[in-house]
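Novice: Below you'll find the structure I mean.
The values are calculated or read from the model by the stated rules, or taken from the named source; none is laboratory data. Not measured: the values here are computed from a predicted model. Don't worry about glycine lacking a Cβ; one is built from the backbone with ideal geometry, like all the others, and counts go over all protein chains shown.
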Amino acid sequence: MFRELDIAVPPIARIDSQADLDAAVAEIGLPAVVKTRTLGYDGKGQKVMREPTDVSGTFAELGGVPLILEGFIDFDHEISVIAVRARDGEIRHWPVVRNAHRQGILHCSVPQVAHPLQAQAEDYASRVMRELDYVGVMAFEFFVTDAGLLANEIAPRVHNSGHWSIEGAVTSQFENHVRAVAGLPLGETARLAPCAMLNVIGAFPERDAVLAVPGTRWHDYGKAPRPGRKIGHITVLAADDETLAERVAAVGALLVNDLG
């Protein structure tokens, strides 16, 4: 669909068998990553292949389900944009978010108020939502390259990289999703203040120490801790970018994430 809508993507190939995978690797080359077409998240449902020996048996290893092979690309960073579309076709976008990952799991998201590719990200997101006649919140991940944006993934739901909006935006992604599907007017999506979201993964930090950092908000999902599992997140707010960076660093130093 991305190609049909003139949205740039990395070198990719559809995989429905081990033979397809072998042929795609021969054409696209290594290193590459192979992903399940649906239900993948946080590095699950995918495998990085760097050597020819990594290719053998991979289709069965990932469950024998439809896959996508994606060639590695040289990119500067990953961004996401969260958008919401109402029943009447109105679309609103939150500020582009810059994402940082650790071991394939989202670690930190920081909304940007003046990202140079905001307009392009909004345009791409709007094309997809209109094509699907989608109602509700949808998330889009992009690689930022010298040539612009390359589409990575879409998620037809509220998204981890948009959790900052609970405290950091005029209207959160959750509220606007409800507004959209209920036929209510959409709320404003502007950022209220410099902010960031850090995931709590696998193990909880000391709550009192985290909340002693000014501008922090603690979110506990009520899940049992286990390696690699997102069990909460921390939102950090500040009056300016410099103070935000200091507070994010302070919270980051307190995290005891177990990535598995």
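Novice: Which one of these does Ala19 not meet: (1) touching a Phe, Trp or Tyr at 6+ places or on another chain (Cβ under 9 Å); (2) touching a residue at least 40 places away in the same chain (Cβ under 8 Å)?
Specialist: (2)
Novice: Mind listing just one residue for me: the one in the range 138-164 that is at pLDDT below 95 and assigned to a loop (DSSP other than H, G, I, E, B) and, of those, surrounded by the most Cβ atoms within 10 Å (Cβ to Cβ)?
Specialist: The qualifying residue surrounded by the most Cβ atoms within 10 Å (Cβ to Cβ) is Ala147.
Novice: While we're here: Out of all the residues in the range 83-102, which are over 27 Å from Glu242 (Cα atoms) and touching a residue at least 24 places away in the same chain (Cβ under 8 Å)?
Specialist: Result: Ala83, Val84, Arg85, Ala86, Arg87, Gly89, Glu90, Ile91, Arg92.
Novice: Something else: Considering each residue of the range 22-38, count those that are touching a Gly at 6+ places or on another chain (Cβ under 6 Å) and either free of Cβ contacts under 8 Å to residues at least 24 places away in the same chain or aliphatic (A, V, I, L, M) (or both), and give that number.
Specialist: 2
Novice: Could you say which residue among Glu206, Glu246, Glu242, Glu188 is within 23 Å of Gly136 (Cβ to Cβ), more than 19 Å from the chain's Cα centre (by Cα) and of a type outside the set (A, V, I, L, M)?
Specialist: Glu188
Novice: Here is a follow-up. Considering Val34, Val96, Val48, which residue is in the same structural domain as Ala139 (by TED's automatic domain parsing) and under 22 Å from the mean Cα position of the chain (by Cα)?
Specialist: Result: Val96 is the single residue among Val34, Val96, Val48 that is in the same structural domain as Ala139 (by TED's automatic domain parsing) and under 22 Å from the mean Cα position of the chain (by Cα).
For (1) of a type outside the set (D, E, K, R); (2) part of a strand (DSSP E or B); (3) assigned by TED's automatic domain parsing to the domain that holds Pro116, each residue gets a yes or a no:
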{"site": "Ile166", "(1), (2), (3)": "yes, no, yes"}
{"site": "Glu175", "(1), (2), (3)": "no, no, yes"}
{"site": "Val178", "(1), (2), (3)": "yes, no, yes"}
{"site": "Val181", "(1), (2), (3)": "yes, no, yes"}
{"site": "Leu184", "(1), (2), (3)": "yes, no, yes"}
{"site": "Met197", "(1), (2), (3)": "yes, yes, yes"}
{"site": "Pro205", "(1), (2), (3)": "yes, no, yes"}
{"site": "Val210", "(1), (2), (3)": "yes, no, yes"}
{"site": "Trp218", "(1), (2), (3)": "yes, yes, yes"}
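Novice: How many of the residues making up the range 220-242 are in a strand (DSSP E or B) and in contact with a Gly (Cβ under 8 Å, 6 or more places away or on another chain)?
Specialist: The number of residues fulfilling the criteria is 5.
Novice: While we're here: Give the residue, chosen from Val128, Val81, that is in contact with an Asp or Glu (Cβ under 9 Å, 6 or more places away or on another chain), closer than 22 Å to Pro10 by Cα and assigned by TED's automatic domain parsing to the domain that holds Ile231.
Specialist: So the residue among Val128, Val81 that is in contact with an Asp or Glu (Cβ under 9 Å, 6 or more places away or on another chain), closer than 22 Å to Pro10 by Cα and assigned by TED's automatic domain parsing to the domain that holds Ile231 is Val81.
Novice: Same structure again: Select from the range 30-83 the residues that are of a type in the set (Ser, Thr, Tyr) and assigned to a strand (DSSP E or B) and write down the one among them that is surrounded by the most Cβ atoms within 10 Å (Cβ to Cβ).
Specialist: It comes out as Ser80.
Novice: Read through the list (1) touching a residue at least 12 places away in the same chain (Cβ under 8 Å); (2) surrounded by 15 or more Cβ atoms within 10 Å (Cβ to Cβ), then give the number of the only condition that Ser172 fails.
Specialist: The failed condition is (1).
Novice: Oh, and also: Failed condition for Leu211, given (1) touching a residue at least 12 places away in the same chain (Cβ under 8 Å); (2) of a type outside the set (S, T, N, Q); (3) surrounded by 13 or more Cβ atoms within 10 Å (Cβ to Cβ), with all others met?
Specialist: Status for Leu211: all satisfied but (1).
Novice: Go through the residues of the range 249-259 one by one and say whether even a single one is among the aliphatic types (A, V, I, L, M) and either closer than 30 Å to Arg92 by Cβ or touching a Cys at 6+ places or on another chain (Cβ under 6 Å) (or both).
Specialist: Taking every residue of the range 249-259 in turn, at least one turns out to be among the aliphatic types (A, V, I, L, M) and either closer than 30 Å to Arg92 by Cβ or touching a Cys at 6+ places or on another chain (Cβ under 6 Å) (or both).
Novice: How many of the residues making up the range 89-137 are assigned to a strand (DSSP E or B), of a type in the set (A, V, I, L, M) and in contact with a helix residue (DSSP H, G or I) (Cβ under 6 Å, 6 or more places away or on another chain)?
Specialist: 4
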